[in-house]
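None of the figures in this text is laboratory data; all of them are computed from the coordinates on show. It should be emphasised that the depicted structure is a prediction, and the values quoted were computed from it without experimental measurement. Positions of Cβ are generated from backbone atoms using ideal geometry, with glycine treated the same way; all protein chains shown enter the neighbour counts.
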Amino acid sequence: MDKYTIYWHDRSKNNAGVKAKEDTVSILRSMGYTILDTPRSRVFKIVYVFFIYRFIIKRLKPGILLLQFPSGSPRLRRKLIELTKKNKSIRLVMLVHDIEAIRTKKGEREKKSELACLKKADGIISLNSKMTAYLKNNGISAQITELEIWDYINTNDYVKFNGYTKSVCIAGNVRKSQYLSKLRTLNKIYVYGPNFDKNKICSSSIIYKGVYTPDDLSKHMFQDFGLIWDGEYVDTCKGEYGEYLKYNNPHKASLYISSGMPVIVWKNAAIAEFIVKNEIGITIDNLNNLDDLLESVDETKMSKLRENTKKIGKLLREGYFLKRAVKKMERKLM
């Protein structure tokens, strides 16, 4: 059985979504997948999808083609899927990064269009059990395996800790972290990422550290915990970004863990189950309690969390979770 994956080049570089897709391609390449490369420019992408890909897909030998979903604009994505399905000897597997219908609360028309694409898959690699339930509740009948957490190719040294200072790291697009304007803590909060507005910050405990590429960021991290929390509010995660944590696997979790940094995560986030099960962090329901939570962690507990996190971080660096999910899917479709 031959194995293929489409390498779709996104325009932006310094964001988690691009890092996740590039790491996926690297891991699949190591598993023997043939990479079907696409052009980088928008115009040539259109030419590729509408005029070139139809000839490529016809020549592929029987096997599996893995498509990272979503890739490209809705129109190009639909065409890619349509052309792929014309080769009846190819089993189409979609690795779901995001479901826009959940994340942005789009209208019924957009939701139906997105689900129509997913329903054409022979197999789906879902992020977690919560996303799997959503897919099944919306009529997806394809074979499904679950990733659990994003792998993170990270060749940097693990974070070096100097005792326990109760410091917290927040990494990622600050646009999703509107709660920072309301957050007040005694302990230091260090923020990394684009769209930081110092005029909206009222606490001197919040310190901005700048923007780095996903591959370089962990070199600049030194805090005790990485925080996973999105939205406008400090008392819970809600709104467009906050609610989405109930279904997705935030890539920042993988950044933290692959760096050896334990996490603090909203207790209702989908990823919280993985964090608790592997004892690599702690959950919180209200950021007003963050200082108390940090105070409750002693050196012994912190040492154990770091030890466990380093073990899971090593697996993330090796691509363990994607390899496991893909191999399970291959067995299901053989």
Extreme residue, positive dipole direction of the chain, given options ILE228, ASN156, LEU66 (C-beta unit charges): LEU66
Residues TYR241, TYR208 arranged by fewest to most Cβ contacts within 10 Å: TYR208, TYR241
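Quick one: divide the alpha-carbon radius of gyration of the stretch 1-108 by 2.2 N^0.38 Å and tell me what you get.
Relative to the rule-of-thumb radius for its length, the stretch 1-108 sits at 1.07.
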Amide H contacts of LEU95 (H built 1.01 Å from N, under 5 Å, at least 5 apart or other chain): LEU67, GLN68, PHE69, ILE125
Amide H partners (placed H, <5 Å) of ILE90, local residues excluded: GLY63
Local electrostatic count, VAL159, Cβ distance below 12 Å [Lys/Arg +1, Asp/Glu -1]: +2
Distance in nm between pseudo-label sites at MET334 and PHE44 (7 Å out along the Cβ direction from Cα): 3.8 nm
The chain, helix-only ellipticity at 222 nm - DSSP H runs n ≥ 4, -39,500 (n - 2.57), divided by all residues, nearest 500: -11000 deg cm²/dmol
